[in-house]
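Notes follow the structure.
The values are calculated or read from the model by the stated rules, or taken from the named source; none is laboratory data. Treat the numbers as computed from the prediction; the structure is a model and nothing was measured. Cβ coordinates were reconstructed from backbone atoms using ideal geometry, including for glycine residues, and neighbour counts include every protein chain displayed.
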Amino acid sequence: MKRTSHISELRKIIAQERSRGRIIALIPTMGYLHQGHLALVEQAKQTGAFIVLSIFVNPLQFGPNEDYSRYPRDLERDAHLVETAGVDALFHPTAEEMYPRPLVTYVEVGELDAVLCGAKRPGHFRGVATVVSKLFHIVQPDLAFFGQKDYQQYLIIRRMVSDLNLPIEVCAVPIVREQDGLALSSRNVFLTSEQRREALILVQSLNEAESLWRAGERSARVIETRIREKIIGESRGLIDYVEVRDAQDLSEVSKIENPVLLALAVRFGSTRLIDNKVLGVEH
Ligand code: AMP
């Protein structure tokens, strides 16, 4: 596996592979990797592409009171994991390499940013779209892989690629969960064992919502209310949001007819977890 923290060196590595006729796949991450990230690698490998995985904890997407400085990092462990998983090039730039001087140019993401995590974390998706756009220009991938764990992020990137005519196919990878159902997340390490147990309420309430929907319930408000009641009644998690929205454009839904996204964000102590489920699409 090739490994670099320099943009110029990465460009040379990629140019060489491209000249050999390889297609290029990019997997952007913030590191502290787990099986969820490795599922992205696995799906990318199936395309036969030369796989570039980036690890960059992007300061631009963290708010002033968020967990940028304490976000977990372990580059050597990550490098070993991705090498074993079959990544071809690991790109781990420093903040200085990515932002040698303050940016004056950003990617704004409009109304998709006004709801869910965008509404709760002002500037977050602008930071995400800007850094992903920079990575797209550095790597110029043919394919890029994103997890449905961050469903709003996936929609925003897909829309950015379409709006800006970027010649990149954006591929979505289903959520990878622990055996007991908790969605894998780098932030799970912050949970105490009690919070870890209580955090199962996320997947349990999503599953219950799906059962309601399968039994014929089509009111978005009824489903949201049931999820809220379950989280409040059965855990000490503090709800950031619980919402049912259109799965294509995140618009408001009252009667569920088309595929919808059930999305939630809940805090356990200082750790904020997100999870989601899409209803109405056959898997
Ligand atoms: P992160 O390092 O948290 O920024 O995540 C990097 C990529 O991995 C994003 O596209 C995430 O959506 C994806 N990802 C993170 N956790 C999971 C998971 N549990 N299942 C599937 N994809 C995931």
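For segment 105-139, how many residues are more than 22 Å from Val242 (Cα to Cα), surrounded by fewer than 17 Cβ atoms within 10 Å (Cβ to Cβ) and in contact with a strand residue (DSSP E or B) (Cβ under 7 Å, 6 or more places away or on another chain)?
Within segment 105-139, residues that are more than 22 Å from Val242 (Cα to Cα), surrounded by fewer than 17 Cβ atoms within 10 Å (Cβ to Cβ) and in contact with a strand residue (DSSP E or B) (Cβ under 7 Å, 6 or more places away or on another chain) number 0.
What number goes with the only condition from (1) away from the ligand (no atom under 13 Å from the Cβ); (2) at pLDDT 95 or above that Ala183 does not pass?
(1)
When you go through (1) more than 26 Å from Glu66 (Cα to Cα); (2) part of a helix (DSSP H, G or I); (3) in contact (Cβ under 8 Å) with a residue 12 or more places away in the chain one by one for Pro167, which number turns out not to apply?
Among (1) more than 26 Å from Glu66 (Cα to Cα); (2) part of a helix (DSSP H, G or I); (3) in contact (Cβ under 8 Å) with a residue 12 or more places away in the chain, Pro167 violates only (2).
Please pick out the residue among Gly63, Gly36, Gly31 that is touching a helix residue (DSSP H, G or I) at 6+ places or on another chain (Cβ under 9 Å), touching a residue at least 60 places away in the same chain (Cβ under 8 Å) and more than 25 Å from Arg177 (Cα to Cα).
Sole residue among the options that is touching a helix residue (DSSP H, G or I) at 6+ places or on another chain (Cβ under 9 Å), touching a residue at least 60 places away in the same chain (Cβ under 8 Å) and more than 25 Å from Arg177 (Cα to Cα): Gly63.
Conditions tested, residue by residue: (1) closer than 16 Å to Met98 by Cα; (2) within 19 Å of the chain's Cα centre (by Cα).
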position	(1), (2)
Lys12	no, no
Leu26	no, yes
Gly36	no, yes
Ala49	no, no
Val52	no, yes
Phe56	yes, yes
Arg73	no, yes
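Failed condition for Val109, given (1) more than 28 Å from Lys2 (Cβ to Cβ); (2) within 14 Å of the chain's Cα centre (by Cα), with all others met?
(2)
Filter segment 172-187 for residues that are part of a helix (DSSP H, G or I) and farther than 11 Å from Gly36 by Cβ and give the result. Please lay out each step first, then the result.
Taking segment 172-187 as the starting set, the residues that turn out to be part of a helix (DSSP H, G or I) are 186-187.
Result: Arg187, single match.
Do we find that Glu66 is touching a Lys or Arg at 6+ places or on another chain (Cβ under 8 Å), surrounded by fewer than 19 Cβ atoms within 10 Å (Cβ to Cβ) and under 18 Å from Ser162 (Cβ atoms) in this structure? Steps first, answer last, please.
Details: touching a Lys or Arg at 6+ places or on another chain (Cβ under 8 Å): yes; surrounded by fewer than 19 Cβ atoms within 10 Å (Cβ to Cβ): yes; under 18 Å from Ser162 (Cβ atoms): no.
Taking the combined requirement at face value, the residue does not satisfy it.
Considering each residue of segment 111-123, count those that are in a helix (DSSP H, G or I), out of contact with any Leu (no Cβ under 8 Å at 6 or more places or on another chain) and either closer than 13 Å to Ile157 by Cβ or aliphatic (A, V, I, L, M) (or both), and give that number.
Qualifying residue count, segment 111-123: 2.
When segment 154-182 is examined, which residues are found to be small (Gly, Ala, Ser) and closer than 21 Å to His124 by Cα? Walk me through how you get there before you give the answer.
Of all residues in segment 154-182, those small (Gly, Ala, Ser) come to 162, 172, 181.
Selection gives Ser162, Ala172.
So which residues in segment 105-157 are away from the ligand (no atom under 12 Å from the Cβ) and of a type in the set (Ser, Thr, Tyr), if there are any at all?
Listed by number, the residues that qualify are Thr105, Tyr106, Thr130, Ser133.
I'd like to verify a number: residues in segment 197-210 that are within 15 Å of the ligand (Cβ to nearest atom) and surrounded by fewer than 18 Cβ atoms within 10 Å (Cβ to Cβ), how many?
Applying the first criterion (within 15 Å of the ligand (Cβ to nearest atom)) to segment 197-210 yields 199-200, 202-203, 206.
Next, only the ones that are surrounded by fewer than 18 Cβ atoms within 10 Å (Cβ to Cβ) stay: 200.
The total comes to 1.
Within segment 1-46, which residues are more than 9 Å from the ligand (Cβ to nearest atom), in contact with a Leu (Cβ under 6 Å, 6 or more places away or on another chain) and of a type in the set (Val, Ile, Thr)?
Thr4
Please verify whether Val57 is closer than 27 Å to Leu155 by Cα, of a type in the set (Val, Ile, Thr), out of contact with any strand residue (DSSP E or B) (no Cβ under 7 Å at 6 or more places or on another chain) and within 11 Å of the ligand (Cβ to nearest atom), treating the condition exactly as stated. Can you show your working first?
On the way: closer than 27 Å to Leu155 by Cα: yes; of a type in the set (Val, Ile, Thr): yes; out of contact with any strand residue (DSSP E or B) (no Cβ under 7 Å at 6 or more places or on another chain): yes; within 11 Å of the ligand (Cβ to nearest atom): yes.
So Val57 passes the test.
Being surrounded by fewer than 17 Cβ atoms within 10 Å (Cβ to Cβ) and either of a type in the set (Val, Ile, Thr) or within 23 Å of Gln46 (Cα to Cα) (or both) is the filter here, so list the residues in segment 179-196 that pass it.
Of everything in segment 179-196, those that are surrounded by fewer than 17 Cβ atoms within 10 Å (Cβ to Cβ) and either of a type in the set (Val, Ile, Thr) or within 23 Å of Gln46 (Cα to Cα) (or both) turn out to be Val189, Thr192.
So which residues in segment 188-221 are in contact (Cβ under 8 Å) with a residue 60 or more places away in the chain, within 12 Å of Gly237 (Cβ to Cβ) and in a helix (DSSP H, G or I), if there are any at all?
Within segment 188-221, Gln195, Glu198, Ile201, Leu202 meet the criteria.
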